[in-house]
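Reading through the structure tokens given below for one structure.
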Amino acid sequence: MTEQEMQWLVKQLIGTAEVLGQALSPTAAALMAEDLSSFPQLVLARALSRVRNEHAGRLTPKAILDRIDDAVGRPAANEAWAIASTALDERATVVWTNEMAAAWSLARPVAEAGDMIGARMAFITAYERVVRGAREAKAVPTVTVSIGWDAEGRNPAIEKALELGYITPERAAQEMTITLPPPVFNPVALLTGRVEETPCAGLTPELRARLKSLRDDLANRRSRTGAVERLERLERIKQARYKRELNQLVQQRLAEEGKA
């Protein structure tokens, strides 16, 4: 933080303490500001605003850090478990933080053994330890999207993460897939010159009629093309025969003139 931002933070801390009915000395405010100085000013402003509106006790670093966790996308331990435990299903898309992933790596073997209660206890213990270390290091969690193989469940998981504020709308747009309707025509059949309906297309009667018309038109085109090709082949055969007979006649005349 710059010196100007530190002065802003000290004033915010003193003012927030007064709102809560507490007198905070400049020295104490400066010490708290030093502990909070690694966080962005916008995050601190949101956290202090929530403290003033939600907190009923004295202003403590923990009261602020708890709100900072929400502001930077760090859920509480129980909420983190609810998210991380879905990673047990490889079909599921999971939007989680690096801190959740680290705690889950320790709890997963227990969960895979079928002991979900023990896995939850192991996860919460590990998660709180990881979060405590991150707080001491003034580290902000990073969010990752672990894609499951169930494509239909991908977008709902990302939309839920967006709703909870774990990812930005821009990040959600990058991660979400666009579901297109199945093609009306079978693309593989088109490559072979056939017009066929895709089995799951769900065509209306009008589209089915149009499909039949296209299929008949293609069949007629193939029929006409085949007839033209046959005529051209016959013409080439006739031309070749004519040239061969003409050549034989020329050779015969040359032979006769040579004898004469």
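If you go through region 77-91 and pick out every residue that is open to solvent by less than 50 Å² (accessible area, probe 1.4 Å) and within 23 Å of the chain's Cα centre (by Cα), you end up with 6. Scan region 9-25 for residues that are under 23 Å from residue 139 (Cβ atoms) and open to solvent by 50 Å² or more (accessible area, probe 1.4 Å) and the total you get is 1. Within region 95-103, one or more residues are more than 19 Å from residue 135 (Cα to Cα), of a type in the set (A, V, I, L, M, F, W, C) and touching a helix residue (DSSP H, G or I) at 6+ places or on another chain (Cβ under 7 Å).
Of the residues that make up region 92-105, is at least one open to solvent by less than 60 Å² (accessible area, probe 1.4 Å), assigned to a helix (DSSP H, G or I), within 24 Å of residue 150 (Cβ to Cβ) and β-branched (Val, Ile, Thr)?
To start, the set of residues in region 92-105 that are open to solvent by less than 60 Å² (accessible area, probe 1.4 Å) comprises 92-97, 99-104.
If we keep only those that are assigned to a helix (DSSP H, G or I) too, we end up with 99-104.
From what's left, within 24 Å of residue 150 (Cβ to Cβ): 100-101, 103-104.
Pick out the ones that are also β-branched (Val, Ile, Thr) and you get none.
No: zero hits.
Among residues of region 143-161 that are acidic (Asp, Glu), those with a Cβ under 9 angstrom from a residue that is at pLDDT below 80, sequence gap 6+ or separate chain, pair up as 152/179; 159/172; 159/176. In region 244-260 there is at least one residue that is open to solvent by 100 Å² or more (accessible area, probe 1.4 Å), at pLDDT below 70, of a type in the set (Gly, Ala, Ser) and not in a helix (DSSP H, G or I). Restricting 130, 140, 110 to those that are aliphatic (A, V, I, L, M) and not in a helix (DSSP H, G or I) reduces the list to 140. If you take the residues in region 134-144 that are of a type outside the set (A, V, I, L, M, F, W, C) and open to solvent by 50 Å² or more (accessible area, probe 1.4 Å), which one is nearest to the chain's Cα centre (by Cα)? It comes out as 144.
Does region 146-168 contain any residue that is in a strand (DSSP E or B), surrounded by 10 or more Cβ atoms within 10 Å (Cβ to Cβ) and at pLDDT 80 or above? Before you say what the answer is, go through the steps one by one.
Initial filter on region 146-168 (in a strand (DSSP E or B)): 146.
Filter again for surrounded by 10 or more Cβ atoms within 10 Å (Cβ to Cβ), leaving 146.
Right, trim to at pLDDT 80 or above and you get 146.
Looking through region 146-168, at least one residue is in a strand (DSSP E or B), surrounded by 10 or more Cβ atoms within 10 Å (Cβ to Cβ) and at pLDDT 80 or above.
Among the residues of this structure, residue 119 does not count as one that is open to solvent by less than 30 Å² (accessible area, probe 1.4 Å), under 27 Å from residue 176 (Cβ atoms) and out of contact with any Lys or Arg (no Cβ under 6 Å at 6 or more places or on another chain).
Confirm whether residue 131 is surrounded by 13 or more Cβ atoms within 10 Å (Cβ to Cβ), in contact with a strand residue (DSSP E or B) (Cβ under 7 Å, 6 or more places away or on another chain) and modelled with pLDDT under 95. No, not satisfied.
A quick yes/no check of all residues on (1) open to solvent by 50 Å² or more (accessible area, probe 1.4 Å); (2) more than 29 Å from residue 95 (Cβ to Cβ):
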| position | (1), (2) |
| --- | --- |
| 27 | yes, yes |
| 39 | no, no |
| 48 | no, no |
| 52 | yes, yes |
| 60 | yes, yes |
| 64 | no, no |
| 70 | yes, no |
| 75 | no, no |
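Pairing each residue of region 28-47 that is within 11 Å of residue 72 (Cβ to Cβ) with any residue that is modelled with pLDDT under 90 and open to solvent by less than 30 Å² (accessible area, probe 1.4 Å), provided the two are 6+ apart or on different chains, yields C-beta distances under 7 Å for 39/68; 43/68; 43/72; 44/36; 47/68. Using the structure shown, decide if residue 20 is in contact with a Pro (Cβ under 9 Å, 6 or more places away or on another chain) and at negative phi. Here the answer is no, as residue 20 does not meet what is asked.
The values are calculated or read from the model by the stated rules, or taken from the named source; none is laboratory data. Predicted model, so just to flag it, every value in this text is computed and none were measured. Virtual Cβ from ideal backbone geometry, glycine too; neighbours counted across all protein chains shown. Remember, those area values only see protein heavy atoms, side chains included, never the ligands or the DNA or RNA. Shrake-Rupley method; radii C 1.70, N 1.55, O 1.52, S 1.80 Å.
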